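The values are calculated or read from the model by the stated rules, or taken from the named source; none is laboratory data. Not measured: the values here are computed from a predicted model. Using ideal geometry, Cβ is built from the backbone for each residue, glycine included, and neighbour counts are taken over all protein chains shown.
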Ligand SMILES: Nc1ncnc2c1ncn2[C@@H]1O[C@H](COP(=O)(O)OP(=O)(O)OP(=O)(O)O)[C@@H](O)[C@H]1O
Ligand SMILES: [Mg+2]
């Protein structure tokens, strides 16, 4: 199984708007190892989705280059699959036929794609829902189907844009655990945008903290915790505190007043 | 659909009468079953059934009564406004000699040919125009220009170019139903969720696969709505189209009855046009609901019962 190694060289992205140009990304330099799990966190508008879209080939940098396994990204490709917050399942297809989609359009024979899709459904624990339609499933189940659909084409890299953002806290934690398990089994390169700081500490090998105006990677925080991770360990807490601090959401300075 | 299936309240059910000695045991079972059925029809079910059927029927009954009253008022002669009985009598006559079926059959045949042509062409062109943004920008003005023109305005030219008979009738019906089919398909294709297109591209789908496996199914429910509207328009203009020298059909029946001053027959033809139109509408409505159900997520618009 191959995993993507991703290299960004001074990637810049500008959008022309009515009030001038927005610098969504300013000179991002980045290397991601094959099989690495990277989380992107940062304030709204700092260019996380923009960066992900460029990696996916849905958009192109205004300057600089993006290489995946030594090849310049020049459009969407099957080996780099994106998961979206709103799942994007095909409502008219059964769960199984959704998962089969990528294999179907690449000409995999019916029997084989059925088997492969069932294996991926098994992996996300939903093989008993193969004949259901997406609207019959909860949001968490739908996102697991979307994950199975991505895994079915055996991509080298999976990009996720706030994949669990629309889910409730408990479902989100369950899915994080499931994702961690699947990642350890498959060792795909995963780049995941999240607003959930605990999620980033739980999942990532490295957390990229981004800042806005202009959009850039501000700090890289390695997460050297052993897996499976415990959310309640002091080390976990310490790292979570660091991410908060980098996002300037905690104030270490003493208050101006005394009690 | 829609309303949850309320568990019927069995209510106080009388014990079935003791069967006479020697009665066959399956007869006993049958009778027990029948009594259970009967007792499970509760008052609320009866009122709901009455509500469901009686209310719409009462509107029709009111219309018939008003009609009868107008016929009796003496304001019009029986030749001008025949009452319901006379009209049904005229209907029975053409029903008995089979001419009614000839006319309904001829109308349905023209309708089906024109509607199938308009639907096929409208949906196909709609897919192309909806998918190819620039092509649509080129043709949108043409469509906007032609669409508001009533098919009736084309009558003289239809006769001039196509003669009289079947062809101009079909052309008029085609014109009436083509634009709704075309425009709703264009709108449906343009409204396909861009996220789904993005995902399709992500999986390396060819353009052919994107159109056939994503755009067409995603647009289908809205296309079905357009085809429903087109069907209504087609039926409305069928009668007009058949006045262009057709020798059969419900439109011809209306013209023929007028020429012979058979107002009873004329009114009966009007009734048949309404009833067949209603039946066609119900049929496509049922087909539409099935499509929506197969599509799952999207609830049928107006699917309230
Ligand atoms: N298509 C576009 N046209 C113009 N400006 C854009 C476009 N896409 C993004 N931007 C701008 O680029 C900046 C980065 O947007 P982006 O969507 O990448 O932010 P984000 O980090 O994903 O934010 P969020 O956390 O809210 O999703 C924002 O200022 C946004 O307004
Ligand atoms: Mg975003």
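Just a few scattered comments:
- Scoring residue A:159 on the criteria (1) within 12 Å of chain B (Cβ to nearest Cβ); (2) modelled with pLDDT under 95; (3) within 16 Å of ligand 2 (Cβ to nearest atom) leaves a single failure, condition (2).
- Restricting A:168, A:196 to residues that are within 16 Å of ligand 1 (Cβ to nearest atom), away from chain B (no Cβ under 14 Å) and free of Cβ contacts under 8 Å to residues at least 40 places away in the same chain narrows the list to A:196.
- Applying the criterion of being within 9 Å of chain A (Cβ to nearest Cβ) and not in a helix (DSSP H, G or I) to the residues of segment B:177-234, the residue that is nearest to residue A:146 (Cα to Cα) is B:203.
- Residue, farthest from the other protein chains (Cβ to nearest Cβ), within segment A:39-86, restricted to residues that are closer than 18 Å to residue A:190 by Cβ, within 14 Å of ligand 1 (Cβ to nearest atom) and in a loop (DSSP other than H, G, I, E, B): A:42
- Residue match in segment A:21-28 (condition: touching a residue at least 12 places away in the same chain (Cβ under 8 Å), away from ligand 2 (no atom under 16 Å from the Cβ) and within 14 Å of chain B (Cβ to nearest Cβ)): no
- Search result, residues across segment A:191-216 that are assigned to a loop (DSSP other than H, G, I, E, B) and out of contact with any strand residue (DSSP E or B) (no Cβ under 6 Å at 6 or more places or on another chain): A:195, A:196, A:212, A:213
- In segment B:272-305, the residue that is modelled with the highest pLDDT out of those that are over 24 Å from residue B:236 (Cα atoms) and part of a helix (DSSP H, G or I) is B:290.
- Within segment A:39-52, residues that are under 18 Å from residue A:6 (Cβ atoms) sit with their Cβ atoms under 7 Å from residues that are part of a loop (DSSP other than H, G, I, E, B) and near ligand 2 (Cβ under 10 Å from one of its atoms), at 6+ positions apart or across chains, in these pairs: A:48/A:42.
- Once segment B:167-199 is narrowed to residues that are closer than 19 Å to residue B:231 by Cα and out of contact with any helix residue (DSSP H, G or I) (no Cβ under 6 Å at 6 or more places or on another chain), the residue that is modelled with the lowest pLDDT is B:167.
- Across segment A:131-154, the number of residues qualifying as within 16 Å of residue A:84 (Cα to Cα) and assigned to a loop (DSSP other than H, G, I, E, B) comes to 1.
Matching residues to (1) at pLDDT 95 or above; (2) under 25 Å from the mean Cα position of the chain (by Cα); (3) not in a helix (DSSP H, G or I); (4) not assigned by TED's automatic domain parsing to the domain that holds residue B:233:
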site	(1), (2), (3), (4)
B:126	yes, yes, no, no
B:143	no, no, no, no
B:148	no, yes, yes, no
B:156	no, no, no, no
